[in-house]
Structures are given as C-alpha cells and as structure tokens.
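Written below as structure tokens is the structure these notes are about.
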Amino acid sequence: MDNPAAGPFGSTRPLRQSNTVSDGAAFLPIQPGRQIPDLAVTGGETTQSIASTATSNATKKYIPPRNTGARADFGNRRRTVPATGPSGKASSSDPISAPSAASGGVPEPTTEYLEQASLAACRLDAPKPTLVVIDLNGTLLYRPHRRNPSRFVERPHARDFLRRCIDRHHVVIWSSARPENVRRMLGQLLSPDYLGRVIAVWGRDRFGLTEHDYNQRTQCYKRLTRLWEDPLVAASHPQAADGVAWSQANTVLIDDSAEKARSEPHNAVTLPEFAGDLNERPRVLPLVEEYLDALTMQLDVSTYIKVKPFTIVDNSSMPVAVVEEGEK
C-alpha cells in the first residue's frame, strides 16, 4: 500500500527558486502554478549549530497532551476490530484500532528528537523556508455523511488559508482519507493552478499500512520522517542542492489530532476538530496563520512549539503565546 516514489498523485513538481536574505536564510517567492489534468499534483536549511545546552527532558514514554482535537491514546494496546461487511471495509460505527506491528505499530518520539526540542528557542532575523504539512478532514473540512463523500462543509477561511500557505510556504497535503476522497476534498478547496504548486499530496496509502489495517478504522500516525526521507519531497527544499534538508527544525504539521503527531509532537500545531460549525468563535485558521508567521522566524520550530504550543483561549479572539512583542 506504500510506494516511496509517488503517492496517489505524483510528486514531480519543479524546484522553486529562492531569494537569499541577509542572514543566509532563504525566503520563498511566489511562482505561477501550472494546470494539470485530473487533479494530479506535481511536485520537497543550512545546518546551524545551537550554542545553548540541551536540557535532558527526554523520557522513555511520551504521553501526548489532552486537547479538543486529540484522538484516543492507544499506548501499546491493540483493540479488537469487529467483523466488517462483504466489502471488507470498516464502518463509522467500528472502534478505532491501533495499527498492527506490520503497519509500524504505535510510534514514540526518539530520545534525540526530545533532546533537540528541549534546546532554547532562537529567533532569526529573517524568515526561513518552512515545510507545512496540512490535514484535510476535521482540519479544513467536515464530511457530514460518509455515504456522500463528495459533499463537504468548509471551515471558515479554509480556501484563503490554504492558498496563502501555498503562496508563503512549502506545502504538503497529508490526509488519512482514501486517495479518491482526497481528490474530492482538494477539488473543492483548490483551483488546478494552486494544486499544481503543492509539493505532494499523500493519502491513506502513504502510511505503510497493511491491506487489513488500510480497510479498517485504524489509527494513522504521520511520521514526519517518511516525508523527510521521500526523494521528491526532499528535493523541494530551495537549498537542497547545497545539502540542506527538511527536518525537525523546519517542518510544521497542522492537524486536528495530537495523536497523529505522536512521533514528532513538538512539530504539531493541533487545531480543535472542525465538525461543521460555520459560526465557530474565534475563527481558528487566521490565528494559525499568525502562529506560522512566528514559526518561520525560529531557528528550530520544535523548540518554540514545545514551550509555546498553539492554544486557543475560550471566548477570546487571540491564541495563547502565539506572537510575542517584537516576534512577528
């Protein structure tokens, strides 16, 4: 179910050129997109030392934070999956099960990852290229009826948010939905020219699931290492020719599930799950844009997210500790 060379849509997009700013970081200019048939996406830093000393906060077991968007924490348990119908596909009433060992099991962040995220945050003088990995269902869209997969309710500002991310960052779409449903969601959100500027579009077939787990309500984990190791995604970094790579320092995962980010928890911007409320307050996506602006100014985004995670205060129009004075 997993092809490392190409997902449900090929990743063969030409590299974007970058302009170099005064501190040596690259800033992403906007290039016109190109139209492609059938929604087929074409399409991914210099290593810098950190003077501060790592604080040893690494633990052997990571317990993800509780939040309104988080899924169940499976730990190392596996739940029994009930029998399915003739199609072999799970229904929405089936419980979510942990992935089998053959599908990779339940990941934990490595000690090295946690140690790096524990370093002191360091602000840059200019923004740097950032890989923004964006989920769809529950984050930008809501599907009211599973039997009608072509009808979606868009989160307020979803289209503008996605277009601005593509204009300002390097974007990958990664959804646990089946590829055909990913096509439908993106067909509603993006025009072909914007879709053509997305680095890669990954669906359920990019999680390394066994055929059995693929057809069940299996918890999916977005291991960012899979993206970083993908040749076509790696090649999209504007300084890839100089050996600079996408990494923990410059990748942000936007999702409504903290559990999906279990392997790299301090690269996650976790949103409240969108369930179709067009009157949600505050408007979430504009706040996420502000937070992304702050992250592009960080030497290592994981060190910033660890101490100042994206949080929304009830009955407030501002997120907690998103942009401090002088940071934007």
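The values are calculated or read from the model by the stated rules, or taken from the named source; none is laboratory data. Since we're looking at a predicted model, the values are computed, not measured. No Cβ is skipped: glycine too gets one built from the backbone with ideal geometry, and neighbour counts run over all protein chains shown. Each accessible area value is taken on the protein alone, full model and side chains, heavy atoms only, with ligands, DNA and RNA left out. Shrake-Rupley method; radii C 1.70, N 1.55, O 1.52, S 1.80 Å.
Taking the Cα centre of the range 110-265 as origin and charging only Cβ (+1 Lys, Arg; -1 Asp, Glu), how large is the dipole, in debye to the nearest 20? Intermediate results must be reported in sequence, preceding the final value.
Details: 23 positive and 19 negative charges, 160 e Å.
Charge dipole, the range 110-265, about its Cα centre: 760 debye, nearest 20.
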Rounded to the nearest whole number, the per residue volume of the convex hull around the C-alpha atoms of the range 217-318 in Å³ is 132 Å³
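So, for the range 159-267, what is the accessible surface per residue at a probe of 1.4 Å, expressed in square angstrom? The partial results should precede the final answer.
Numbers: 3020 Å² over 109 residues.
I get 28 Å² per residue for this part.
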Dividing the mean separation of Cα pairs under 8 Å (6+ apart) by the residue count of the range 132-271 yields a relative contact order in percent of 25 percent
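Using a 1.4 Å probe on the protein heavy atoms, what percent of the accessible area of the range 123-166 belongs to carbon and sulfur? Kindly include the intermediate steps, with their values, before the conclusion.
Numbers: 710 of 1850 Å².
Solvent-exposed carbon and sulfur of the range 123-166 make up 39 percent of the total.
From the protein chains alone at 1.4 Å, what is the descending order of accessible area for ARG281, ARG183, largest first?
Numbers: ARG281 165, ARG183 75 Å².
Per-residue accessible area, sorted high to low, gives ARG281, ARG183.
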To the nearest 20 debye, the range 190-231 has a Cα-centred charge dipole, built from +1 on Lys and Arg Cβ and -1 on Asp and Glu Cβ, of 180 debye
Long-range amide H partners of CYS220, meaning residues 5 or more apart or on another chain whose placed amide H is closer than 5 Å, are none
